[in-house]
Amino acid sequence: MRILIFHGYLLRGTGSNIYNASLVRALARLGHEVDLLCQDRTWEAPEGVTVHNPDIGRVLPVYVADRYEGFDAKPYAELSDAELTHYLDSNVAAVQDAPAPDVALANHLVMGPAILARGLAERAPYAVKVHGSALEYTVRRHRERFLPYALEGVRGAEGVLVGSRHTGESLWEVLADEPALPDRTRLGPPGVDVHTFRPGSADLPRLAHRVASADTASWGGEAGAAEALLSLDPRTDRIVSYVGKLIVSKGVDLLLAAWPLVVARVPEARLVIVGFGTYRETLGRFVEGLRRRDLDDLREIAARGRELEGGPPGKLEYLSAFLEGVGEDWLGAAPVAAERVHFTGRLEHDDLPYLLPACEAQVMPSTFPESFGMVAAEAAACGALPLSAGHSGMAEVTATLAPALPPELRPLLSFDVGPEAVEQIASKLIAWLTLDAAQRERAGAALAAEAARRYSWESVAEGVIAAAQGRLEGLPHPAPPADNVPAP
C-alpha cells in the first residue's frame, strides 16, 4: 500500500516530530511505501520511504514561538494573509505532485487537513491526527480566522485520531459546528519503541560522545552538554530528568523550585533537563537565583512569567505562592541544589534510550493540557517513575500505568497542578528515591512490563491506516475518564 503522510515540520525534538518519524519507520517495517511531506532535509529515511520538502520559502508557520535553523518561524496568528495563502498553496501543490496514495494522514488540526482536502481532491481517503498544539494555541485562541480551515480539513476526513479523551473533548468543543465529529473520533495515541526504550540500555559515555560530535548548537544544543552527561554516574547519582520544550507552559520552573527540597533529603540526587525553547534563558537565571539564594530575583521571575519568554506579562500563580512561603531550610539547600542541575539542550529522540534507563524518575510537570504523555510512557518503559501533572492526556497515561504498581505506590505517579504543586513534586520524588531499593526495582520492572504490553508503533501504524480507510469500528472511541484519573 502507498501511504502519504503530511507533517510539514522537522522530524526531531518535539512530540509531533517524533510521532511522525516513528510512525513512518513502523509503516516501512510493515512493508508499505511511504511519501512523507515535511521540512526536514537531513533525516535519514528508511527503505521504502521518500521524503518530499515542499518549497514554502523561509516562513514556517508554528503554533508556539520558536526558532528553526534555515526558517523564519512565525506563529500562525502573526501571518499575513499573503503568507498564509502562500504556505497553503505551496503545500497543496506538493501533495498534487506526489505519487497518488492509497490512503493518507494529515497531522495537526491546521493546516495539514485542509491541505490534504484540497490537494487530494477525493483521490484518496485520509485521516487526521490531532496533536494538541494547533488546537489549543491556534484554533481555540483565534477561532474566527482558523476555525474555517480546521472544519474544512476534518469534514473531508474518514476518521480523526486524538491522543486522549481530554483532547477529544476539547476538539469537539472547539469544532462544535461539526456535530458528527465525535462519531468519527477515535483514540490514536503515540507509541513507544519498547525495543530501544527498555531497562538496562543506558550508556551515558556513548551519549556524551554523540553529543560532542554532533552539530547540536545549530538547533537547540548546549555548550558543555557532553561534559554534563559525563559527570553523571548512575552507580552513585540518583538521576531525575525532564525531557521537553523549555517554555512556560511545561512547568519546568515548578520542578526547579522543588529541587532544593529533594536535594535536602536525597543529597546524591541530580536533575537533568533535556530540551530547548524560548524560556531557556530564564530557567538558567532561576538556577543562578538558587545558587545565590536571591529570593527577590526568583520572585521577580514568578511575577513576570510569560513576559520572560516573549509573551504578555502574567504572574505564575503556583510558583509565586510557593516562593512567598519558603523558609530558611529551602534557602539553605538552594545553592547545593543548583550545583546538581544540568542542562543538556536538545537531544535527538534516538539518544534518549541512552539516558532514560539511567534515571530513577522522569517528571512531566506541564501546566497546560497535553494530548498524550509520551515522555511518561517512554520513561516507564525504561523502568523510571513517570511523575506527571494530574490532568489531560498525562492523567490518562497515568491511569493506564497505575495498575502495574501496588496501591500504596500509585499516588507517586501524579501530582495536582495548584498552589501545592511544588511541595507535591518534591514529596513524591523523595518518597520514590528513599523507597527500599528492592521494592523500587520491582516497581520499575512492573512499569516497564506494562508499558511494553500497552504500546507498540506497529499497532499505532495499523490504527492510522484503519482510520484513513474509515474502518473505525475496530478502533477505540475516547472512553470516559477513569475514576482514578485526577481532574485537570
* Asked: Can you tell me which residues in region 229-287 are in contact with a strand residue (DSSP E or B) (Cβ under 6 Å, 6 or more places away or on another chain) and of a type in the set (Phe, Trp, Tyr)?
  -> Tyr242, Trp259, Phe276
* Pairs where the first residue, in region 78-89, is closer than 14 Å to Phe146 by Cα and the second is part of a helix (DSSP H, G or I) and at pLDDT 95 or above, C-beta under 8 Å, 6+ apart -> Leu79/Tyr87; Leu84/Tyr76; Leu88/Ala114; Leu88/Ile115; Leu88/Arg118
* Wholly within region 41-156, which helices (runs of 4 or more DSSP H) include no fewer than the required count, namely at least 1 residues that are under 21 Å from Thr185 (Cα atoms)? -> 112-120, 143-155
* **Tally of residues being modelled with pLDDT under 95 and closer than 20 Å to Leu283 by Cα across region 230-245** => 2
* Asked: Mind checking whether some residue in region 132-145 is of a type in the set (Val, Ile, Thr) and more than 22 Å from the chain's Cα centre (by Cα)?
  -> no
* Mind listing just one residue for me: the one in region 459-476 that is exposed (fewer than 13 other Cβ atoms within 10 Å of the Cβ) and not hydroxyl-bearing (Ser, Thr, Tyr) and, of those, modelled with the highest pLDDT? => Glu473
* So which of Leu323, Leu405, Leu409 is assigned by TED's automatic domain parsing to the domain that holds Arg299, in contact (Cβ under 8 Å) with a residue 60 or more places away in the chain and either crowded, with 24+ Cβ neighbours inside 10 Å or more than 20 Å from Asp237 (Cβ to Cβ) (or both)? -> Leu323
* Of all residues in region 111-155, how many are at negative phi, among the hydrophobic types (A, V, I, L, M, F, W, C) and at pLDDT below 95? -> 0
* Asked: In this structure, is Val59 at pLDDT 95 or above, in contact with a Leu (Cβ under 7 Å, 6 or more places away or on another chain) and not assigned by TED's automatic domain parsing to the domain that holds Ser249?
  -> no
* Check off (1) acidic (Asp, Glu); (2) modelled with pLDDT of 95 or more; (3) closer than 16 Å to Asp351 by Cα for Glu173 and give me the number that stays unchecked. => (3)
* Among the residues of region 15-40, which ones are assigned to a loop (DSSP other than H, G, I, E, B), touching a residue at least 24 places away in the same chain (Cβ under 8 Å) and surrounded by fewer than 21 Cβ atoms within 10 Å (Cβ to Cβ)? -> Leu30, His32, Gln39, Asp40
* Among what's in region 420-444 and is in contact with a helix residue (DSSP H, G or I) (Cβ under 9 Å, 6 or more places away or on another chain) and exposed (fewer than 15 other Cβ atoms within 10 Å of the Cβ), pick the residue that is nearest to Leu323 (Cα to Cα). => Glu420
* Structure fact -> Just one listed residue, out of Leu283, Leu271, is at pLDDT 95 or above, assigned by TED's automatic domain parsing to the domain that holds His342 and assigned to a helix (DSSP H, G or I), and it is Leu283
* Run down Arg29, Arg58 and say which single residue is of a type outside the set (S, T, N, Q), more than 18 Å from the chain's Cα centre (by Cα) and over 30 Å from Tyr279 (Cβ atoms). => Arg29
* When residues of region 236-261 are filtered for being in a helix (DSSP H, G or I) and among the charged types (D, E, K, R), how many remain? -> 2
* Consider only pairs whose beta carbons are under 8 Å apart and that are at least six residues apart or on different chains; among these, list those whose first residue lies in region 359-377 and is assigned by TED's automatic domain parsing to the domain that holds Ala426 and modelled with pLDDT of 95 or more and whose second residue is among the charged types (D, E, K, R) and assigned to a loop (DSSP other than H, G, I, E, B). => Met364/Glu370
* Asked: If you check Thr167 against the conditions, is it in the same structural domain as Thr398 (by TED's automatic domain parsing) and either in contact with a strand residue (DSSP E or B) (Cβ under 7 Å, 6 or more places away or on another chain) or at pLDDT 90 or above (or both)?
  -> no
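The values are calculated or read from the model by the stated rules, or taken from the named source; none is laboratory data. This is a predicted model, so every value here is computed, not measured. Here the Cβ is made from the backbone with ideal geometry for all residues, glycine too, and neighbour counts use every protein chain on show.
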